[in-house]
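Right, one structure below, let's go through it.
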Amino acid sequence: MAFALYIHWPFCLAKCPYCDFNSHVRERTDMAAWQAALLADMAHEAALTGGRELTSIFFGGGTPSLMPPALVAVLIEAASRHWTFAPGIEITLEANPSSVEAANFAALAGVGINRVSLGLQALDDAALTFLGRLHNASEGLAALEVAQRHFARVSFDLIYARPDHTPALWEAELTRALALGTGHLSLYQLTIEPGTRFATLVREGRFTPLDDDAAGDLFALTREMTNAAGLPAYEISNHARIGEESRHNLTYWRYQDYAGIGPGAHGRRGGFATVRHKKPENFLKAVSAQAHGIAEIRELGIREQASEALLMGLRLAEGISTAALAARFGLAETDLIHPAKRAFYTAQGLLSPRTDRLIVTEAGMPLLDGLLGELVPAGLALA
């Protein structure tokens, strides 16, 4: 079974108005203190999971491309001592497309990063301004070109279903994106998350989000175009050439174990859920006091684990084997899925007629949240 390591770097140069991730803007960062804290936090996880083979490492944020390459190198080297690296281990770093960060790409490749996920977010200057990004479209494309020179595997993100985003506009933008030659794209619908600047602007009537029907049309167009280009959706928002899927994120979606270190990082390992302190200063204090940054650790009941596995696995084009899942958690298949509702939604074309796997169809994916509420018994997550 895959085992992954997630490392969260919480700092950004600015807070994007749509972002609800754990990111913070600070004038100064004590790199020596952060190196010591992250190493201690990693050592705590390793003491509980040492001896396992590590299949992937993911540096997320925040903006981990703001980390000095020397710090990235130290963390990768420490991970190699704590765990056995799987052959061809995937080591991903999220990056913003500023010229300063792109200048680090050669050094990052030299210390072991072999996959980069670039936050382009749009290929249009007006859209980038609306999204609060600090780069323009030409800077984003220049950074992508640098990344493609240094890394064999490059992905980038785009956000669509922006206000007044029409099919013609998105088709033109996505056509450009698909021509850029990466093997992986993450294409996200703009969602207005509580507590973000965008949520305040919508509440104040400063802009109106795209309505659900129009967003649904763009979702269908996205899947049609990426499939035709040889980058089909393997997850609801992620598209890749065969073999270019994010192995790290597949660990999450297949509900396999992962350790999460750094401020706000979540983990799932050995039937326990972990959450680190979110605020950077609180994280550092916690590590100083207890040699790790955990704010909460909770044992997950079998039914809760099964429920989480269903919620994650049905996002995937491959779906899930309910028989394998039931065997894994010692449950009956009828504990996992309502048989009558499975039959009903299969007849409606929202689920695949395959009996060996439970798969949400193209028609069903836009309705995934509602389907999950119908298919998964209400008591499944109860311990």
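The values are calculated or read from the model by the stated rules, or taken from the named source; none is laboratory data. Please read these numbers as outputs of a predicted model, since none were measured by experiment. Reconstructed Cβ throughout: ideal geometry from the backbone, glycine too, with neighbour counts over all protein chains shown. Surface accessibility is based on the protein's heavy atoms, side chains included, excluding ligands, DNA and RNA. Shrake-Rupley method; radii C 1.70, N 1.55, O 1.52, S 1.80 Å.
Miscellaneous remarks
- Within region 76-134: Cβ-based charge dipole about Cα centre, in debye rounded to nearest 20 (Lys, Arg +1; Asp, Glu -1): 180 debye
- Accessible surface of region 297-383 [probe 1.4 Å, protein heavy atoms]: carbon and sulfur percent: 58 percent
- By the Cβ-Cβ criterion of under 4.7 Å, the unpaired cysteines of the chain are Cys12.
- Exposure rank, largest accessible area first [Phe344, Phe3, Phe21; 1.4 Å]: Phe21, Phe344, Phe3
- Dipole of the chain, positive end: most advanced residue of Leu38, Pro64, Leu108 [Cβ charges, Cα centre]: Leu38
- In a simple Cβ point-charge model (Lys, Arg +1; Asp, Glu -1; nothing else charged), region 59-161 has a dipole of about 300 debye relative to its Cα centre.
- Given charges at Cβ of Lys, Arg, Asp, Glu: the chain dipole, positive-most of Ser23, Gly243, Ala147: Ser23
- When Rg and Dmax are taken over the Cα atoms of region 1-80, they come to 13.7, 42 Å.
- Assuming charge only on the beta carbon of Lys and Arg (+1) and of Asp and Glu (-1), the dipole of the chain about its Cα centre is about 820 debye to the nearest 20.
- Principal semi-axes of the equivalent ellipsoid, √(5λ) from the alpha carbon gyration tensor of the chain, are 31, 29, 20 Å from largest down.
- Expressed as a whole percent, the accessible area of region 1-113 that falls on carbon and sulfur atoms is 59 (1.4 Å probe).
- Among Thr222, Thr208, Thr361, residue whose mean-square fluctuation peaks in a GNM of the chain (springs only between Cα atoms under 10 Å): Thr208
- Per residue value of the accessible surface for the chain (all protein chains in place, 1.4 Å probe), Å²: 44 Å²
- When the charge dipole of region 170-228 is built from unit charges on Cβ atoms (+1 for Lys and Arg, -1 for Asp and Glu) and taken about the Cα centre, the candidate among Ile192, Gly216, Trp170 whose Cα reaches farthest toward its positive end is Ile192.
- Part-to-part distance (alpha-carbon centres) for region 339-383 and region 48-116, which is given in Å: 37 Å
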